[in-house]
Amino acid sequence: MLFSKRPSSKRLSLKRNLVLMGTALSFSLTLSSAQAAEYDWKFQASETAGEVSFKIKQEWADRIETMTDGRVAIEIMPINSVVGPTETLEAVSAGILQGHITDPSYFSGQNPAFGMLGNLVGAWSDPNDFLAYMKHGGGEDLYNELVEPYGVHLIGAMTFPLESIPSTVPIKSLDDFKGLKIRAPQGMVYNIFERIGATPVNLPGSEVYTGLEKGVIDAADSTVLSNNDAMGLHSFAPYPLYPGFHSMPMNAISINKKIWDGLPEDLKVTLKTAFDAMAYDLVARLQAQDIKTLQKLKQDPDVHPFDLPDSERKKFRQAAEQEWKVWADKNDMTAKIYDSVTAFLRSRNLL
């Protein structure tokens with residue numbers, strides 16, 4: 001019978017020392033990696049942690065750390081992590097947060113111009129038109145003119161695919177909105193639906209499902225097609241309008257202005273480039289999700305998606321412009337935004 005030799009105490013000691021040295025080295029490398037970030041920031045988003053768009057933002061924060069060779073580390077936090085969604089502007093200004101990725105409409109109470117840039121209802125038929133306006137049509141400059149007095153700087157703008165409208169009845173033209181009880185929040189979208197003859201009902205988003213189920217409303221200003229389907233809305237509202245035409249909220253990627261002003265030029269260019277890429281990536285991935293949902297719905301004999309013709313979309317935009325004019329009269333900045341957006345839309349024969 002063979003017996004294995006027991007390791008000597010010296011060999012055990014050497015093995016323990018090597019393990020300890022390896023652990024210490026690993027800890028040292030981790031520590032030095034953590035210390036390598038020259039800029040360590042917290043950005044609060046306007047979504048919950050489970051939403052697809054939130055996860056995309058986290059992925060891009062990781063890419064920025066790689067792109068900057070670890071010089072910039074950004075932690076993306078979900079809504080309400082540090083402050084409420086209407087308080088992030090002040091939190092970034094005060095340095096409580098270093099930045100935020102959020103819908104400017106949350107700050108409409110401070111200036112209605114935030115609401116106009118955040119979601120100019122009816123203006124956009126395609127997210128790429130909005131991104132082109134922000135990046136090349138003067139939108140980013142106007143936003144920074146609005147926000148920099150608050151001590152905040154816009155790095156870039158993002159948006160989502162157009163929101164769908166789940167409906168219990170077919171909507172094939174604007175005339176079909178006459179008398180339609182549609183869920184809409186108070187404000188611009190509520191007023192515009194009134195202008196086209198609908199009967200808006202101010203319900204919170206959490207009551208859309210039961211409102212459609214019980215017939216309290218006929219249709220709803222809700223979210224994108226895939227999210228509406230995931231919530232089961234098409235069980236009661238089998239006539240979804242897709243793509244939508246009314247609502248496409250902006251997400252502003254902003255940072256404390258003092259931090260931005262103090263950054264070296266190479267990091268400014270990297271951040272701007274990275275966030276611009278994220279804007280297009282977000283749209284593409286969410287649209288793919290909607291298209292997959294649409295294909296599934298078209299195979300369901302009980303659901304009938306409908307795409308409003310371009311001529312009807314243009315009519316809605318022209319009706320919406322009457323409400324934009326009302327908002328344009330609120331102050332100098334809202335007037336500038338109205339002039340800028342309408343000039344851009346007319347240059348592309350969209351108005």
Completion exercise
In nm, the gap between the two label points placed 7 Å beyond Cα toward Cβ at Q299 and D261 is 5.7 nm
Practice task
Show T66, T199, T223, T342 ordered by accessible area, largest first, where the area counts protein heavy atoms only and the probe is 1.4 Å.
Solution key: T66, T199, T223, T342
Handout entry: Relative contact order (%) - region 159-218, alpha-carbon pairs under 8 angstrom, separation at least six
Key = 35 percent
Completion exercise
Non-local residues with an amide H under 5 Å from the amide H of M77, with H modelled 1.01 Å from N and Pro and chain starts lacking one, are F43, Q44, A45
Fill in the blank from the handout: Of every hundred units of 1.4 Å-probe accessible area on the chain, the number belonging to carbon and sulfur atoms, as a percent, is 53 percent
Fill in the blank from the handout: Long-range amide H partners of V152, meaning residues 5 or more apart or on another chain whose placed amide H is closer than 5 Å, are K257
Exercise for the section: Just read off the accessible area of D339 with the full protein assembly in place, 1.4 Å probe, to the nearest 10 Å². Expected result: 90 Å²
Practice task
Decide, for region 94-169, between rounded, prolate and oblate: order the square roots of the alpha carbon gyration tensor eigenvalues as a ≥ b ≥ c, take rounded if a/c falls under 1.5, and otherwise choose prolate if a/b is larger than b/c, else oblate.
Solution key: prolate
Problem - Estimated FRET transfer efficiency (Q186, E38; beta-carbon r; R0 41 Å; 0.05) - result: 0.35
Handout entry: Rounded to 5, the percent of DSSP beta bridges in region 135-257 classed as antiparallel
Key = 65 percent
Problem - Relative contact order (%) - criterion: Cα under 8 Å, at least six apart; region: the chain - result: 20 percent
Practice task
Rank by packing, highest mean first: peptides 345-351, 139-145, with packing defined as the count of other Cβ atoms within 10 Å averaged across residues.
Solution key: 139-145, 345-351
Practice task
Evaluate the relative contact order of region 77-219 (contact order divided by residue number), counting alpha-carbon pairs under 8 angstrom at least 6 apart; express in whole percent.
Solution key: 17 percent
Problem - Solvent-accessible surface (1.4 angstrom probe) belonging to E213, in square angstrom, nearest 10 - result: 90 Å²
Exercise for the section: Would you mind checking the tilt of helix 265-298 against the longest principal axis of the Cα atoms of the chain, expressed as 0 to 90 degrees and rounded to 10? Expected result: 60 degrees
Completion exercise
CD proxy, 222 nm, the chain: helix-only mean residue ellipticity via -39,500 (n - 2.57) per DSSP H run with n ≥ 4, per residue, nearest 500, stands at -15500 deg cm²/dmol
Handout entry: Under Karplus coefficients 6.51, -1.76 and 1.60, residue-wise ³J(HN,Hα) of region 319-333 in Hz, glycine/proline x
Key = 5, 5, 4, 4, 6, 4, 4, 4, 5, 4, 7, 6, 6, 4, 5
Handout entry: Calculated FRET value between K135 and N202, using beta carbons and R₀ = 35 Å, to 0.05
Key = 0.55
Problem - Nitroxide proxy distance, nm - points 7 Å out along Cα→Cβ at A230 and E194 - result: 3.4 nm
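Provide the percentage of antiparallel DSSP beta bridges, counting only those with both residues in the chain; round to the nearest 5.
On the way: 13 of 28 bridges.
If we restrict to bridges inside the chain, about 45 percent are antiparallel.
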Fill in the blank from the handout: For region 271-351, the per residue accessible area (1.4 Å probe, Å²) is 53 Å²
Exercise for the section: Mind listing the long-range amide H neighbours of L120? Cut-off is under 5 Å, sequence gap 5 or more, other chains count too, H placed in the peptide plane at 1.01 Å from N. Expected result: none
Exercise for the section: Heavy atoms only, probe 1.4 angstrom, no DNA, RNA or ligands counted: give me V82, V92 ranked by accessible area, highest first. Expected result: V82, V92
Practice task
Can you grab the distance from the C-alpha centre of region 166-196 to the C-alpha centre of region 236-253, Å, no decimals?
Solution key: 13 Å
Practice task
Quick one: accessible surface of S206, probe radius 1.4 Å, all protein chains present, in square angstrom to the nearest 10.
Solution key: 100 Å²
Handout entry: Highest-first arrangement of 305-317, 289-301, where packing means the average Cβ count within 10 Å
Key = 305-317, 289-301
Fill in the blank from the handout: Labelled set (i) 25.0; (ii) 20.4; (iii) 26.3; mean projected area of the Cα convex hull in nm² computed from this model equals the value at (iii)
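The values are calculated or read from the model by the stated rules, or taken from the named source; none is laboratory data. Remember, predicted model here, so these are calculated numbers, not experimental data. Backbone-built Cβ (ideal geometry, glycine too); neighbour counts: all protein chains shown. When the accessible area is computed, the model is the full protein with side chains, heavy atoms only, and any ligands, DNA or RNA have been set aside. Shrake-Rupley method; radii C 1.70, N 1.55, O 1.52, S 1.80 Å.
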